[in-house]
Amino acid sequence: MTDKVLMKGNEALAEAAIMAGCRHYFGYPITPQTEVAAYMAKRMPKIGGTFLQAESEIAAINMVYGVASAGFRVMTSSSSPGIALKSEGLSYLAGADLPALVINVQRGGPGLGGIQPSQSDYFQATKAGGHGDFRMIVLAPASVQEMADLTVKGFDLADKYRMTSMILADGTMGQMMEPVSLNYGEPTKYDKSWAVTGTECARPHNIVNSLFLQPDELEKFNFIRYERYKQIEENETMYEEYMMEDAEICVVAFGISARVAKNAIVQARAEGIKVGMIRPITLWPFPKAPMLKASEKVHTFISVEMSMGQMIEDIELAIRCRRPVKLCNRVGGMIPSPDQVYASIVETAKEGGAQ
Amino acid sequence: MDYKRILLFAGHYGSGKTNIAVNVAMHLQRERGSVTIADLDIVNPYFRTKDSQRDLEAAGIRLICSEYAGTNLDAPALPPDMYAITDDRSRTAVMDIGGDDRGALALGRYAPAIREEGNYEMLLVINGYRPLTRDVASTLEIIHEIETAGGIPFTAIVNNSNLGEETDAETVLASLAYAHEISEATGLPIKMTTVREELYEDLKHKIPDLFPLTLQYKIK
């Protein structure tokens, strides 16, 4: 039989984490990401790893803090309301410059919301992961294969820059099944000489902490951290361009919305409408440069998202409001249909940017 | 192909139980009528028998499922009319059991009456392309867990090995050895091999007891 296997997004992500060297998982069940925990519960005991169902999301993220401090690859996963609970811990991870991978398989909100897919935690992931000045690397998979690939990437980026990577998936990405190949080499090793592993009286103490007694010292660490963020913006931005060569309309969409949009774009191209797509793979850092460049030729942008319009603000900033940006959305657990996106493209083509 | 009065489909989650249960129910409704399909899944709130409600009802099949299936209420509830499965012996019943041992736990409530009547088939749905049931040892583990939780031993195997949209004839043919291995290790016969209907013509003379499947879609 082939090396391909049929996996749910949640399972592929969990297996990829194991292949990336993650041996410590702390979580708490919540639909639609529960299969991540279920998969880890089955696999971790067999490979000498730790699976622990914590008493709460807050406990789980603090266990992540502990393991990350010791220099091991560690992960937690949840869905929207559970990520909100983790936000204090995310800030502490940032304050202590600890690498970790956090998974959000989004569901409808606000509040308890619903269990159907959503992308309405865009702000939470890219702007407000917790209190204080900090960023997380936010990766947005659009297939089960990417759920796995970006998990490996997420661990590497987290270790490389000593910060949290977040996989911002949605319920469909977690639940859908697709054939995948999980072929990754040995996990890349990063310098973790800062980890608290015991000095054996051979080196000075390492201290992992986010409290600073002197404000100027705290300020210095904020400046250093943001220098690192600047490098990430320069070097780690990822996106896919689709039929953009001659595009006059640019759809911007990530995750499941991008897949829906692709179908609509193919349909519109068949009608002779020059439309393409920029699909951000990193939501932070946001692919500003290709959008600014596209704004020279494109007359209108369409943001397709399963929120009331969150990413649309980043598009407007990226293109410095040079062109109109329209919103094509569904919320509450509903997914835009290719017909809806197609209709939005056709309407936009008729208007021709005259707004 | 002969079928007993009660057909139970169980297996690892994501093995294709619900899709097969709906297709077999449709087939039996055409063959003999008076079919009931019951959704016993108390674990997964998605991909439910209820997604095919319109088609099932149009075919005259009675659907018994939680009234919360397909809603935002993620509650492990079963309706009281589930007892009709064992109380009304005049109808054929297809039961879609939830994935793994957690899903099979709900079956335990109905197992004594099913065993007492003794007119059932407990069918193990397998997919050799699912990573946690790729080999005999891991499949045996899941079989043991489901039987312990559900209280009914398996009687036969349904080979539903597939790679989703990438499935072709070769994908299915390459899985036969795996299915035979499971069959030998468990002593369970292979009742059928299921394939997407597009592959049926190509494979019907190459694989015994081949059963064509129409993929079920959620209709809003």
Quick one: what pairs do we get from region A:277-294, first residue assigned by TED's automatic domain parsing to the domain that holds A:ALA247, second among the polar types (S, T, N, Q), C-beta under 6 Å, 6+ apart or different chains?
A:THR282/A:THR237; A:LEU283/A:THR126; A:TRP284/A:THR126; A:PRO285/A:THR237; A:PRO287/A:THR237
Exclusive hit being more than 15 Å from A:MET243 (Cα to Cα) and modelled with pLDDT of 95 or more, set A:MET277, A:MET308, A:MET291:
A:MET308
So which residues in region A:166-186 are aliphatic (A, V, I, L, M) and more than 10 Å from every other protein chain (Cβ to nearest Cβ), if there are any at all?
A:MET166, A:ILE167, A:LEU168, A:ALA169, A:MET173
Check region A:4-16 and report whether any residue there is closer than 24 Å to B:THR133 by Cα, touching a residue at least 60 places away in the same chain (Cβ under 8 Å) and among the polar types (S, T, N, Q).
yes
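What about A:ARG225, is it surrounded by 15 or more Cβ atoms within 10 Å (Cβ to Cβ) and basic (Lys, Arg)? If you could, list the steps in order and put the result at the bottom.
On the way: surrounded by 15 or more Cβ atoms within 10 Å (Cβ to Cβ): yes; basic (Lys, Arg): yes.
Yes, satisfied.
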Identify, please: which residue in region A:1-58 is hydroxyl-bearing (Ser, Thr, Tyr) and more than 10 Å from chain B (Cβ to nearest Cβ) and is, among those, farthest from B:GLY70 (Cα to Cα)?
A:THR50
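Looking at the structure I just gave you, is A:ARG135 in contact with a helix residue (DSSP H, G or I) (Cβ under 9 Å, 6 or more places away or on another chain) and more than 19 Å from A:CYS328 (Cα to Cα)? Steps first, answer last, please.
Numbers: in contact with a helix residue (DSSP H, G or I) (Cβ under 9 Å, 6 or more places away or on another chain): yes; more than 19 Å from A:CYS328 (Cα to Cα): yes.
Criteria met by A:ARG135.
Keeping to region B:160-177, report how many residues are of a type outside the set (S, T, N, Q), more than 7 Å from chain A (Cβ to nearest Cβ) and surrounded by fewer than 22 Cβ atoms within 10 Å (Cβ to Cβ). Lay out the reasoning, then the answer.
Step one: list which residues in region B:160-177 are of a type outside the set (S, T, N, Q), which gives B:163-166, B:168-170, B:172-174, B:176-177.
From what is left, the residues that are more than 7 Å from chain A (Cβ to nearest Cβ) are B:165, B:168-170, B:172-173, B:176-177.
Keeping just the survivors that are surrounded by fewer than 22 Cβ atoms within 10 Å (Cβ to Cβ) gives B:165, B:168-170, B:173, B:176-177.
The number of residues fulfilling the criteria is 7.
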Counting only residues in region B:142-159 that are exposed (fewer than 15 other Cβ atoms within 10 Å of the Cβ) and part of a helix (DSSP H, G or I), the one nearest to the other protein chains (Cβ to nearest Cβ) is identified as B:HIS144
Condition broken by A:VAL252, with the remaining ones in (1) over 30 Å from A:THR172 (Cβ atoms); (2) touching a residue at least 40 places away in the same chain (Cβ under 8 Å) satisfied
(1)
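Confirm whether B:ASP74 is more than 30 Å from A:ASN183 (Cβ to Cβ) and at pLDDT below 95. Step through it out loud before you land on a result.
Details: more than 30 Å from A:ASN183 (Cβ to Cβ): yes; at pLDDT below 95: yes.
Yes: the conditions hold for B:ASP74.
Does B:ILE20 satisfy the criteria of being within 18 Å of the chain's Cα centre (by Cα) and crowded, with 23+ Cβ neighbours inside 10 Å?
Numbers: within 18 Å of the chain's Cα centre (by Cα): yes; crowded, with 23+ Cβ neighbours inside 10 Å: yes.
Answer is yes for this residue.
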Check whether at least one residue in region A:162-176 is more than 18 Å from the chain's Cα centre (by Cα) and farther than 19 Å from A:MET75 by Cα, and report yes or no.
no
From (1) surrounded by 19 or more Cβ atoms within 10 Å (Cβ to Cβ); (2) at positive phi, pick out the condition that doesn't hold for A:GLY48.
(1)
Any chance you could count how many residues in region B:80-102 are under 21 Å from B:VAL43 (Cα atoms) and either of a type outside the set (A, V, I, L, M) or surrounded by fewer than 23 Cβ atoms within 10 Å (Cβ to Cβ) (or both)?
10
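Being aromatic (Phe, Trp, Tyr) and more than 14 Å from chain A (Cβ to nearest Cβ) is the filter here; which residues of region B:78-134 pass it? Give the steps one after another, and end with the answer.
Start the filter on region B:78-134 by keeping residues that are aromatic (Phe, Trp, Tyr), which leaves B:83, B:110, B:120, B:129.
Across region B:78-134, the qualifying residues are B:TYR83, B:TYR110, B:TYR120.
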Options B:THR194, B:THR186: the member that is touching a residue at least 24 places away in the same chain (Cβ under 8 Å) and closer than 15 Å to B:ASN127 by Cβ
B:THR194
Number of the condition not met by A:PRO99 [criteria: (1) in contact (Cβ under 8 Å) with a residue 40 or more places away in the chain; (2) over 16 Å from the mean Cα position of the chain (by Cα); (3) more than 14 Å from chain B (Cβ to nearest Cβ)]
(2)
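Please tell me if B:VAL125 is touching a Gly at 6+ places or on another chain (Cβ under 6 Å) and modelled with pLDDT of 95 or more.
Working: touching a Gly at 6+ places or on another chain (Cβ under 6 Å): yes; modelled with pLDDT of 95 or more: yes.
The answer is yes for B:VAL125.
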So B:ASP51 ticks every box in (1) charged (D, E, K, R); (2) within 14 Å of chain A (Cβ to nearest Cβ); (3) more than 24 Å from A:MET334 (Cβ to Cβ) but one. Which box is left unticked?
(3)
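The values are calculated or read from the model by the stated rules, or taken from the named source; none is laboratory data. What you see is a predicted model, and the numbers here were worked out from it, not measured in a lab. Heads up, the Cβs are rebuilt from the backbone with ideal geometry, glycines too, and the neighbour counts pull from every protein chain shown.
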